[in-house]
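One structure is given here, and the rest of the page talks about it.
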Amino acid sequence: MGHTSLDKITSLQKNPANIRNICILAHVDHGKTTLADCLVASNGIISSRLAGKLRYLDSREDEQIRGITMKSSAISLHYNEGDQDYLLNLIDSPGHVDFSSEVSTAVRLCDGAIVVLDAVEGVCPQTQAVLRQAWLENIRPVLVINKIDRLILELKLTSQEAYCHLQKIMEQVNAVTGSLFTSRVMEEQAEKIKEEKGSETPTEDQVYDWSAGLEEADDSHLYFSPDQGNVVFASAIDGWGLSIQHFAHIYSKRMGINVEVLLKTLWGDFYLNAKAKKIMKGAQAKGKKPLFVQLVLDNIWNLYDAVVTRRDKEKIEKVVASLGVKVMARDFRHSDPKVLLSAICSQWLPVSQAVLSMVCNKLPSPLEITEERVEKLMSVGVRRFDTLPERTQELKNVFLQCSSNENAPVIVFVSKMFAVDPKALPQNRQRPLTQEEIAQRRDVARRRHTERMAAEQTTAAGPQDRQEKSLNGQLEALSKDEPETRVLKESTPGEAEEKSQTFIAFARVYSGVVKKGQRIFILGPKYDPAQGLTMLPDGCSASDCVPEVPHLSCCSIENIYLLMGRELEEQEEMPSGNVLGIKGLEDFVLKSATLSTSPACPPFTPLHFEASPIVRVAIEPKHPSEMPKLVRGMRLLNQADPCAEVLIQETGEHVLVTAGEVHLQRCLDDLKDRFAKIEISASKPIIPFRETVVRPPKVDMVNEDFGKQQKVAIIHQVKEEGSHGCSSETLHVDASGLVTLTTPNKLATVSVRAIPLPKEVTCLLEDSSELIRSLEQINMSLKEGRNLDISVRTLEAITDLKAQLENMLQGWKWRNAVDSIWAFGPRRCGPNILLNNVEGYQRPSLWQCLCREEKSGEAEARLPRDLDNSIVSGFQLATLSGPMCEEPLMGVCFSIERWDIQSSNLPHQQNSSEENATSLKPLEASAAPENTNASAPSQDKHRQEAISADCYGPVSGQLIAAMKEACRQAFQAQPQRLMAATYTCEIMATADVLGRVYGVLGKREGRVLHEEMKEGTDMFIIKAVLPVAESFGFADEIRKRTSGLASPQLVFSHWEVISSDPYWVPTTEEEYLHFGEKADSSNQALKYMNAVRRRKGLFVEEKIVEHAEKQRTLSKNK
């Protein structure tokens, strides 16, 4: 197919039935960009000879150097099949786990996906991740098994062995899809049963049948199978690809067998009976060649054998003649046999034709978007679709129609913002000169040349007047040019700073027609259509004067672009169902947004990111005067990268948070070269840790049982440490670890105990942080007396959370613990719990939204209710920064067992309050007793003033400080441990380098979980866990040590307790014998803790000089 004109693509955009929005998904290095090159070459955009070498969609310099894709980029292609013309909006996405956020942005805009799989490596970790992402977004995938040539040339498999290998790969992919389908069916079935039963409680005899829903659900369309037409076998680097349909049509003519029969039997356990001339079943049992091997694979294997292995010229000529392809003489003579192979294959079985034909026939158009997907897109957070306003629910039909009528509301989703150099924009691009302009420029150049030659001849006889004339002429010319140049000089610095990068929105139109200059609403992620519709007048549009609505703004679309890989093409309008670029949204959209002309449109559900940002670095400019440029550059980087986060810490450091090492390097390069354009210095990665407590160990470091002396020593040590912080009169630590602390003014006393939470409870709280935040918002609303409309789904989720906590917190120690929960922390939604075990103190339950009945009899005093908040604030501060190295706490429960406040704070107890008031204010004691009842309110006021006028400050502030200190002391009274962030590491390596991989893992504190050998290959898959702190440079070291034969894939997994105690010192005789008096063998936890303390400027207890000796110099000896 020749080069497609822009007018042709513009005309195809108006027919949504023939549009296919697709993305290419795969693990890293499985051949996505090479396949994309082949598809791009089919439109004549690049040469077919350069396909696979050019990597056209990798437009960044670092992408070309590293050889991996780092950003998703789109291109529009035209494909003709029969009498139908199709428009394919193709998005190439990265495969590296660090850039999985780019995959999420691509998947949201598409209706279908091409999943590419390496024929040798099979299903890899990122393959599973992209299949899950496609499943979550409800898009339909098709499969391309790439690199078949590796089975022939590297593994040296026969065609029969390759067929068995391909079958196993197909089973692996279908197993992943099947598990996703099963989990969803089970969830739906469980919800259905819950709705049917309602409030009925199941009896013990009832058994839940999990397979009930699976038998009814139809999953036949989900799986990949060549006979369904959703699988292509290919070698993109050699330019060929085949589907069963292609060979079925060829052999039906030659053999006279019906096409339908061949389509069903070409893949499977069928063979051709030559005598009976029939296709029969049972090839494996009878030891016959399956049809797929005999009719398809054998031909491919013979071609590779003739061209690459043997280089048999006669056989090659016969093959070329029989296939009817034309091969140029230079390809025959080329020293590299792959060039000849590519020339033959690209004409015989072009990969672009096989893949694009499958895409057009098997993947849905924008008109075929499912109701389920629409409802999922429109239901944000905990809101259900049926709870949305009626006008909003009516927009569902607009989505399904995908109409481009003038009356249809415009609905656009922006999945990311990407930065473009202003010179690359179509309006700023240098346009090619016409023939007339070239001729004019040639004439001007000739004229100037003749004038210069004449001037040179006259200067030889040059009298002074000629020189004066020439000087006057130059001055006149300068005076004419001067104003313009001055204006330019004045305007360029400002413009350069403002226009260094232009942001384009990467978006898709779901309904209506987007036009240049159109006014449109921008809906923030928290926009509520119900609130918007009540605040805005009926029939209000974005072009009207709109009143202020929370999370709603208006803007004009400056330009619309067609995305063509490295280039942008300007358009006047873009109909529904297309992918486009929009200019003019950089001031309104940060990373993603929903645009619409209708205020009834809800914001789309936020994108689901597989990799969470975990790697932090502090950044500062080399020259402090360039700080404003750095701040501006980081703001631009934050907008341009979907996953990167930019923070300013309490210390004033500018911190960049990224998904991994490669992602971090790309962000730093972008900041330095594109956004800030200054020299920057980045700190070593800031490794996050967590602090926790564990149960007291039963054995010491040499596996001996603990004696009583050890426990006494620990408590004694804690008491000593505590006495440094505050006087012994105010702090008491008992043998069980209960810490009692009194405020400096002796008015309030709290007793706190720290208890380690079970691991599963910590994980549950960490996963439910969003739900706990919602619960906190509901409780705040109830406290303020506001009525909040809570969806049924949210209440169900909160009920489930409470039930799970009750189930996990079993035993006498946790009796009624769930009902006694006072707060979660830090930031009111973290994985730590504050328990109310104070006798006689009944406070509103944390779960009060589940039972709305207010208990009117419990009227609490005003002041303790205020101070209740002080206790929570102290707990929040304590959990935000622990005593070990000021890192957040995790998995700790603080139980408040005593909380006494002097009764002067309680207005309802008259007698005792009077006594305390006299002790604080002797002047008030002279008040007559008979006037006490009459002046009770004024006395209460005086008492509160007296307390607040304390020399130690307000009671609330003292209580916060006391609570924080009590929590820290209670934490230190228990065995303390650090928790390290941990990666799951998957490594594929050959048997030869297995030992070296284990060596690198062992050196970096890694732990191998399991290893398994891939069937049919010599590859091992090693699954290990590795601390994030030890992961920097890990990938490079493994590649160096294994000569590139092993490559790790790191994904953040969980927080893991470091088993060693950072404060451990040898105490028993056995430990002294084993570790020595100094115990100076490396303590990993202590090393991490000291590194964090040193970075934060905290005190680090270490000896700088050991065993110093007097230096003897030569001069002294003389």
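The values are calculated or read from the model by the stated rules, or taken from the named source; none is laboratory data. Treat the numbers as computed from the prediction; the structure is a model and nothing was measured. Neighbour counts run over all protein chains shown; Cβ positions are idealised from the backbone, glycine included. Remember, those area values only see protein heavy atoms, side chains included, never the ligands or the DNA or RNA. Shrake-Rupley method; radii C 1.70, N 1.55, O 1.52, S 1.80 Å.
Condition test on Glu368, is it surrounded by fewer than 16 Cβ atoms within 10 Å (Cβ to Cβ) and in contact (Cβ under 8 Å) with a residue 40 or more places away in the chain?
yes
Failed condition for His608, given (1) surrounded by fewer than 17 Cβ atoms within 10 Å (Cβ to Cβ); (2) without any contact (Cβ under 8 Å) to a residue 40 or more places away in the chain; (3) touching a Leu at 6+ places or on another chain (Cβ under 6 Å), with all others met?
Just one mismatch for His608, condition (2).
Quick one: would you say Ser576 is modelled with pLDDT of 90 or more, out of contact with any Lys or Arg (no Cβ under 8 Å at 6 or more places or on another chain) and under 30 Å from Gln531 (Cα atoms)? First the steps, then the outcome.
On the way: modelled with pLDDT of 90 or more: yes; out of contact with any Lys or Arg (no Cβ under 8 Å at 6 or more places or on another chain): yes; under 30 Å from Gln531 (Cα atoms): yes.
The answer is yes for Ser576.
Out of the strands (runs of 3 or more DSSP E) lying entirely within the stretch 725-768, which hold 3 or more residues that are buried (at least 18 other Cβ atoms within 10 Å of the Cβ) and in contact with a helix residue (DSSP H, G or I) (Cβ under 9 Å, 6 or more places away or on another chain)?
Here the list reads 739-742, 748-756.
Go through (1) free of Cβ contacts under 8 Å to residues at least 60 places away in the same chain; (2) part of a strand (DSSP E or B); (3) touching a Cys at 6+ places or on another chain (Cβ under 8 Å) and name the single condition Cys554 misses.
In the conditions (1) free of Cβ contacts under 8 Å to residues at least 60 places away in the same chain; (2) part of a strand (DSSP E or B); (3) touching a Cys at 6+ places or on another chain (Cβ under 8 Å), Cys554 misses (3) alone.
So which residues in the stretch 577-628 are within 26 Å of Cys540 (Cα to Cα) and either hydroxyl-bearing (Ser, Thr, Tyr) or not in a loop (DSSP other than H, G, I, E, B) (or both)?
Quick first cut of the stretch 577-628, residues within 26 Å of Cys540 (Cα to Cα) only: 577, 582-590, 592-605.
Passing the criteria: Ile582, Lys583, Ser592, Ala593, Thr594, Leu595, Ser596, Thr597, Ser598, Thr605.
Conditions tested, residue by residue: (1) open to solvent by 30 Å² or more (accessible area, probe 1.4 Å); (2) modelled with pLDDT under 85; (3) basic (Lys, Arg); (4) part of a helix (DSSP H, G or I).
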{"position": "Ala1035", "(1), (2), (3), (4)": "no, no, no, yes"}
{"position": "Ser1053", "(1), (2), (3), (4)": "yes, no, no, no"}
{"position": "Ser1082", "(1), (2), (3), (4)": "yes, yes, no, no"}
{"position": "Ala1091", "(1), (2), (3), (4)": "yes, no, no, yes"}
{"position": "Arg1094", "(1), (2), (3), (4)": "yes, no, yes, yes"}
{"position": "Val1100", "(1), (2), (3), (4)": "no, no, no, no"}
{"position": "Lys1103", "(1), (2), (3), (4)": "yes, yes, yes, no"}
{"position": "Gln1111", "(1), (2), (3), (4)": "yes, yes, no, no"}
{"position": "Ser1115", "(1), (2), (3), (4)": "yes, yes, no, yes"}
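Of (1) in contact (Cβ under 8 Å) with a residue 24 or more places away in the chain; (2) surrounded by fewer than 20 Cβ atoms within 10 Å (Cβ to Cβ); (3) among the aliphatic types (A, V, I, L, M), Met535 satisfies all except one. Which?
So Met535 meets the others, but not (1).
If I ask for residues that are touching a helix residue (DSSP H, G or I) at 6+ places or on another chain (Cβ under 8 Å), part of a strand (DSSP E or B) and not hydrophobic (A, V, I, L, M, F, W, C), which ones from the stretch 806-838 would you list?
Gly825, Asn832, listed by residue number.
Of the numbered conditions (1) part of a loop (DSSP other than H, G, I, E, B); (2) within 24 Å of Met884 (Cα to Cα), Glu1015 fails exactly one; give the number of that condition.
Failing condition for Glu1015: (2).
Could you tell me which residue of the stretch 240-275 is modelled with the lowest pLDDT, considering only residues that are crowded, with 22+ Cβ neighbours inside 10 Å, within 21 Å of His165 (Cβ to Cβ) and of a type in the set (A, V, I, L, M, F, W, C)?
Only one residue tops the list, namely Leu266.
Output the number of the condition that Ser774 fails; it satisfies all remaining conditions of (1) of a type in the set (Ser, Thr, Tyr); (2) closer than 26 Å to Glu691 by Cα; (3) free of Cβ contacts under 8 Å to residues at least 24 places away in the same chain.
Every listed condition holds for Ser774 apart from (3).
Looking at the structure I just gave you, is Val185 at pLDDT below 90, aliphatic (A, V, I, L, M), over 24 Å from Ala234 (Cβ atoms) and not in a helix (DSSP H, G or I)?
No: the conditions fail for Val185.
Inside the stretch 36-66, can you point out the residues that are open to solvent by less than 40 Å² (accessible area, probe 1.4 Å) and under 25 Å from the mean Cα position of the chain (by Cα)? I'd like the intermediate steps shown before the answer.
Filtering the stretch 36-66 for residues open to solvent by less than 40 Å² (accessible area, probe 1.4 Å) gives 36-44, 46, 51-52, 56-58, 60, 62-63.
Result: Ala36, Leu57, Asp58, Arg60, Asp62, Glu63.
For residues that are part of a helix (DSSP H, G or I) and either modelled with pLDDT of 80 or more or within 48 Å of the chain's Cα centre (by Cα) (or both), tally how many sit in the stretch 944-966. Reasoning before the result, please.
In the first step, residues of the stretch 944-966 are kept if they are part of a helix (DSSP H, G or I); the result is 944-948, 955-966.
Then keep just the ones that are either modelled with pLDDT of 80 or more or within 48 Å of the chain's Cα centre (by Cα) (or both); that gives 955-966.
Qualifying residue count for the region: 12.
Just to verify a result, which residue in the stretch 805-836, among those that are open to solvent by 70 Å² or more (accessible area, probe 1.4 Å) and in contact (Cβ under 8 Å) with a residue 12 or more places away in the chain, is nearest to Asp868 (Cα to Cα)?
Arg828
Just the residues that are assigned to a strand (DSSP E or B) and either open to solvent by 10 Å² or more (accessible area, probe 1.4 Å) or on the phi > 0 side of the Ramachandran plot (or both), please, taken from the stretch 105-145.
Arg140, Pro141
It is to be established whether one or more residues within the stretch 301-314 are under 17 Å from Ser243 (Cα atoms) and among the hydrophobic types (A, V, I, L, M, F, W, C).
yes
Yes/no per residue for (1) under 23 Å from His246 (Cβ atoms); (2) out of contact with any Ser or Thr (no Cβ under 7 Å at 6 or more places or on another chain):
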| residue | (1), (2) |
| --- | --- |
| Glu81 | yes, no |
| Gln84 | yes, yes |
| Thr105 | no, no |
| Ala119 | yes, yes |
| Pro125 | no, yes |
| Leu131 | no, no |
| Glu137 | no, yes |
| Cys164 | yes, yes |
| Gly178 | no, yes |
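Being open to solvent by less than 70 Å² (accessible area, probe 1.4 Å), of a type in the set (A, V, I, L, M, F, W, C) and farther than 24 Å from Lys253 by Cβ is the filter here, so list the residues in the stretch 276-308 that pass it.
Those that are open to solvent by less than 70 Å² (accessible area, probe 1.4 Å), of a type in the set (A, V, I, L, M, F, W, C) and farther than 24 Å from Lys253 by Cβ: Ala306, Val307, Val308.
Pairs needed: first member in the stretch 238-261, within 30 Å of Lys53 (Cβ to Cβ); second member anywhere, charged (D, E, K, R) and at pLDDT 85 or above; C-beta distance under 7 Å; at least 6 residues apart or different chains.
What qualifies is Asp238/Asp149; Asp238/Lys338; Ile244/Asp227.
Only one of (1) surrounded by fewer than 17 Cβ atoms within 10 Å (Cβ to Cβ); (2) modelled with pLDDT under 90 fails for Glu661. Which number is that?
(1)
May I ask you to verify whether Pro350 is open to solvent by 10 Å² or more (accessible area, probe 1.4 Å), at pLDDT 85 or above and more than 34 Å from the chain's Cα centre (by Cα)?
Taking the combined requirement at face value, the residue satisfies it.
Got a sec? Which of Cys885, Cys851 is at pLDDT below 80, within 38 Å of the chain's Cα centre (by Cα) and of a type in the set (A, V, I, L, M, F, W, C)?
Of Cys885, Cys851, the one residue that is at pLDDT below 80, within 38 Å of the chain's Cα centre (by Cα) and of a type in the set (A, V, I, L, M, F, W, C) is Cys851.
So that you can scan it fast, the table gives a plain yes or no per residue for (1) closer than 29 Å to Gln172 by Cβ; (2) in contact with an Asp or Glu (Cβ under 8 Å, 6 or more places away or on another chain); (3) not hydroxyl-bearing (Ser, Thr, Tyr):
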position	(1), (2), (3)
Arg1007	yes, no, yes
Met1019	yes, yes, yes
Val1025	yes, yes, yes
Glu1037	no, no, yes
His1054	yes, no, yes
Ser1060	no, no, no
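Given the conditions (1) at pLDDT below 85; (2) on the phi > 0 side of the Ramachandran plot; (3) not aliphatic (A, V, I, L, M), and given that Asp1018 satisfies all but one, which numbered condition is not satisfied?
(2)
Looking only at the stretch 85-98, decide whether some residue is crowded, with 18+ Cβ neighbours inside 10 Å, of a type in the set (Gly, Ala, Ser), more than 21 Å from Glu368 (Cα to Cα) and out of contact with any Leu (no Cβ under 7 Å at 6 or more places or on another chain).
Checked against the condition, which is being crowded, with 18+ Cβ neighbours inside 10 Å, of a type in the set (Gly, Ala, Ser), more than 21 Å from Glu368 (Cα to Cα) and out of contact with any Leu (no Cβ under 7 Å at 6 or more places or on another chain), the stretch 85-98 yields at least one hit.
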